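Heads up: the structure comes next, in structure tokens.
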Amino acid sequence: MATFKELGVRDDLLRAIEMMGYEKPMPIQEMVIPHLLNEETDVVGLAQTGTGKTAAFGLPMLQRIDTSSQETQALILDPTRELCLQTKTDLEDYSRYIDGLKIVAVYGGASIESQIKAVKRGVQVIVATPGRLQDLIRRGVVKLDAVRTVILDEADEMLNMGFIDDINNILINVPDERKMLLFSATMPREIANIAKDYMHDPVEFVAGTRNEGSANVRHIYYMVKASDKYLALKRIVDYLPRIYGIVFCRTRASAQEVASQLIQDGYDADALHGDLSQAQRDAVMKKFRERNLQLLVATDVAARGLDVNDLTHIISYSLPDDNDIYNHRSGRTGRAGKTGISIAIIHSRERNKLKQIEKQIGKEFERREVPKAEEIIEKQLFNLADRLENVEVREEEIAPYLPNVLKKLSWLSGEDVVKRLLSMEFNRMLDYYKKAPVLDIVPEKKERKRGEKKERTRKPNGEKDRRTGEEGYERVFINVGKSHGFYAPDLIRLVNATEGGKNVGIGRIDLLTNYSLFDVRHGEAHKVINALRNSEFYGKRLYLEIADANKDYASITYEGEVKKNRSERRREKFRAMERERERRRSDRRTRRDSERGFKKRGKNSDAPAGNYDKFMKKSRRKK
């Protein structure tokens, strides 16, 4: 492998990157740097996030800058403010020994006046977001006539964010003879179109395989019910006490909801999404970079350009709509030769989507079981033991206080002290995970090969199995079923309508003709039964009880009432219809007789002859 010096990097730049700890160039850097230094053709660079793309285009670009001129010679476009600031910081680190070089970042959400002043002082390199740059061009502040290098960083994300028209408007102001560099983690069709329309015979460099996942990242997934995703997330985080990562959600509302729940449950977490003001975003990112937060719950757009070192895990709370975005997520860990883990929490309907991602990144996801209570508690206890072993003991500072403390604890043995220390930390967790249910969905069925017949299996005593709850759940009987128009949403609505019902975990639901059976988390069955006692479902009084695996519910509908056969139910229904028809006929006869008597009496009574209905309305008004 060549060194940076052998690639042609200048001494002042070499000195800076050596101070930063750069020893050997990464694959994309080894490909791109010598070409940019020695050739004039445009370049398309494809490599995963975190593989050194900034240095690949930044070092040659800085080496080509003429510091004797104050004109803008290089333009870098980034999709987000965070990536814009990160790119500027990296370029300043590379150029710390270049005298007279000025780099300015212009972006939305900050004072435009201060940015205008910085540009007017003279700047050779502008790092910008498309919207703010267009604003400065319209004001006549930014002049791009002398630009020799244009770099589109994270080009695929700029397309996803709808910046294609902005890019067109900006490139109109750049000379045709500029060198254009396009860097991206993936190569969708739209990126290829940009290369075709705006670049001159571009040379393509691919580090690895197109759209391939990072080699240093392991991919793991957990399959749970959709309603159990948050519980699974908590268990995963509890099982990883030293986690430092990002939890990705598809929408802003979901990101805020998950972050709020984590904060409420005592985790060091916060949200990052588009509904936050710029000041709020800065505050959250400051806390996260300083490791005052363990978890950042973010949307894909808001997290774009977050260059945070040493992330241990990336968690996809929901899979992205676009499979390419998964690459961007997972590429935020496992950087600079380190390893990382990308976790996906999915439900059964997302399994096909996961297979599509596997095919695209060329890697297979490992299926894991959601950590069980005893595993989590053991991991947390060992983590506490590690902290005790590695804590810094300041002998001189604690010496004045130590005798009194030792005297206070002299009646305890060393083992007793350890027991009390562990109990003080973990009594709450032990209580929380007591009788905690298993969250995993039953493993997927074995896929049949083409032409292979489906193997038929029959459950022994299937009715009894149906009356037994899953592990960690209790089975409840309710005396309404599909014949009463009762379905799963009705059950959930009834439970949620009760006091505290929204916190009840409902599991498997079996809807039968005249009754239903459903699971609730262990210890909550009596709470549900008492809450719904004497309730009604469209006139039918509800009866609930903890399901008995030996009871024949098929012959019982409510409090021991024997089920009627179909013909009896039909006869009852027919008799009810006949009674209703007879009542209506009787009403019509009474009305007709009343009208006739009214008209006949009209001339000989105080009541005026005429319409009976009008007379009755008038009489009611008088009353």
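Numbers at a glance
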quantity: Peptides 488-498, 474-484 ordered by average Cβ neighbours within 10 Å, highest first; calculated: 474-484, 488-498
quantity: Nearby aspartates and glutamates by direct alpha-carbon distance to LYS143 (threshold 18 angstrom, same-chain neighbours under 8 apart not counted); calculated: ASP66, GLU71, GLU113, ASP135, ASP166, ASP176, GLU177
quantity: Residue-by-residue Karplus 3J(HN,Hα) for the range 117-124, coefficients 6.51, -1.76, 1.60, Hz, glycine and proline x; calculated: 4, 5, 5, 5, 6, x, 8, 8
quantity: 5 angstrom amide H check on GLN124, placed H, neighbours 5+ away; calculated: LYS102
quantity: Net length gained if the chain between ARG428 and GLU366 were fully extended (0.36 nm per residue, minus Cα distance); calculated: 19.2 nm
quantity: Proximal aspartates and glutamates to LYS363, defined as alpha-carbon separation beneath 16 angstrom and excluding residues fewer than eight positions away on the same chain; calculated: GLU212, ASP324
quantity: Stokes-Einstein translational diffusion, the range 15-77 - Kirkwood Rh over all Cα pairs, 0.890 mPa s, 25 °C, in µm²/s; calculated: 189
quantity: Residue-normalised accessible area of the range 1-125, given per residue in Å² at a 1.4 Å probe; calculated: 41
quantity: Pairwise FRET efficiency - GLU374 versus THR251, Cβ, R0 = 22 Å, nearest 0.05; calculated: 0.05
quantity: Kirkwood hydrodynamic radius of the range 1-143, Cα pairs, Å; calculated: 15.9
quantity: Mean Cβ count within 10 Å, highest first, over the residues of peptides 538-544, 147-153; calculated: 147-153, 538-544
quantity: Rel. contact order, % - alpha carbon contacts under 8 angstrom, at least six apart, the range 224-285; calculated: 21
quantity: Accessible surface of the range 308-349, 1.4 Å probe, proportion on carbon and sulfur as whole %; calculated: 46
quantity: Surface per residue (accessible, 1.4 Å probe) for the range 309-393, Å²; calculated: 50
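The values are calculated or read from the model by the stated rules, or taken from the named source; none is laboratory data. Keep in mind that what you see is a predicted model, and the values were worked out from it rather than measured. Neighbour counts are summed over all protein chains in view; Cβ atoms, including those assigned to glycine, are modelled from backbone coordinates with ideal geometry. Side chains included, ligands, DNA and RNA excluded: accessible areas come from the protein's heavy atoms. Shrake-Rupley method; radii C 1.70, N 1.55, O 1.52, S 1.80 Å.
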